[in-house]
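What follows is a set of notes on a single structure, which appears directly below.
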């Protein structure tokens, strides 16, 4: 009996070692491949004119799908179960002989394909991707098993996403702008209706509630020319009149407005632009490449940044539709100069706080935590959209520039940028304390 048991154990060990060697012998993907996939996801968002909060939601679940595969196969990367609200213990598919990195990539693609409106674009990308896998040396068995693994994880992530309450927002009454002085109202040229007025009802991933990081109230609206509000209003107005070339470049670099329109004769055409969240996902890819992070580490960093983006937008949008403050463009035309135009087109939602400032603060905090306070990088995320690259000495420098860019562009007042940045830093810190509960606080290092 002992001899028989010994033989069985040895056969199991040999079989397990063979499977492990087969997985090790398969090609592996890198941080570059994650970045390329995120770029493709972003292209689909640009095609669909996906609004910024919804884009962040897509990124979060797409990256969680990829990270879950990593977590199930590497004990140094714990799953998000018990860390994110309502996140279930995802079952590991009973599949042998698969590639972890390939399964993670395919899980992201499957999730993107089923969540994004133009999912057929992702389907075509996946087909080409699988063809390239064969050329890289993946066996047909590894490819098919990895695809089955990915589909099993994606199905569970999509089920989790359906419980966050976003689908209910379409059933809420249509948003009607408040009447009265000082409140937000749709702006030219397209006069879009308010975007995602009920996004604060979506379940946060880490925050206790949408209002957990409620910022201090905005400077009260006033028509008094000696009031603090009018002082801020004049600052935006005067900046727009004398806009230095460097300020103009900064504003354009961080524009990230998917709703920008251009009049061409009697037609109005959309300008192809990415969202603030897509910009920071791109920065994450640049940073992981420069830091030479391996696939698993890169997958985690992308997932945590995406989680921070979603919670930052939920928090910011909660404040936007609470304070409902008038945009500079509307106020300046009414109280100072009827012919004034901002450099950037005003996005279709209330002014306070600045969304870009909030998500930039959160993203910069998270990236600083993983990569350090003095991480230098060159941001070339939007070169393909005609925007020249800019270099930064740290993520926090980039976040501060993103915040002030909104004043330069004429779409936000100073307090919306500064308080939005503070709001984002707190959210970023909270996200890190949630997903890395054993990590010491380090906010003082990055402020």
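The values are calculated or read from the model by the stated rules, or taken from the named source; none is laboratory data. Bear in mind the structure is a predicted one, so any value in this text is a computation, not a measurement. Every residue, glycine among them, receives a Cβ derived from its backbone with ideal geometry; neighbour counts consider all protein chains shown.
Points to keep in mind about this one:
- The residues of the range 46-81 that are free of Cβ contacts under 8 Å to residues at least 60 places away in the same chain and within 11 Å of the chain's Cα centre (by Cα) amount to a single one, 58.
- For the range 105-137, the candidate set comprises residues that are outside any helix (DSSP H, G or I) and at pLDDT 95 or above; within that set, the residue that is surrounded by the most Cβ atoms within 10 Å (Cβ to Cβ) is 116.
- Residue in the range 121-143 that is within 25 Å of the chain's Cα centre (by Cα), closer than 20 Å to residue 51 by Cβ and not assigned by TED's automatic domain parsing to the domain that holds residue 224 present: yes
- Count - residues of the range 346-374 that are crowded, with 24+ Cβ neighbours inside 10 Å and assigned to a loop (DSSP other than H, G, I, E, B): 8
- Subset of the range 84-104 [under 20 Å from residue 30 (Cα atoms) and part of a loop (DSSP other than H, G, I, E, B)]: 97, 98, 99
- Matching option when the condition is within 20 Å of residue 413 (Cα to Cα) and either assigned by TED's automatic domain parsing to the domain that holds residue 349 or touching a strand residue (DSSP E or B) at 6+ places or on another chain (Cβ under 6 Å) (or both), among 192, 230, 199: 230
- Residue within the range 348-359 that is under 26 Å from residue 77 (Cβ atoms), in the same structural domain as residue 412 (by TED's automatic domain parsing) and in contact (Cβ under 8 Å) with a residue 40 or more places away in the chain present: yes
- Only one entry of 217, 186, 204, 197 meets the criterion of being farther than 28 Å from residue 429 by Cα, in contact (Cβ under 8 Å) with a residue 12 or more places away in the chain and either within 25 Å of the chain's Cα centre (by Cα) or not in a helix (DSSP H, G or I) (or both), and that entry is 186.
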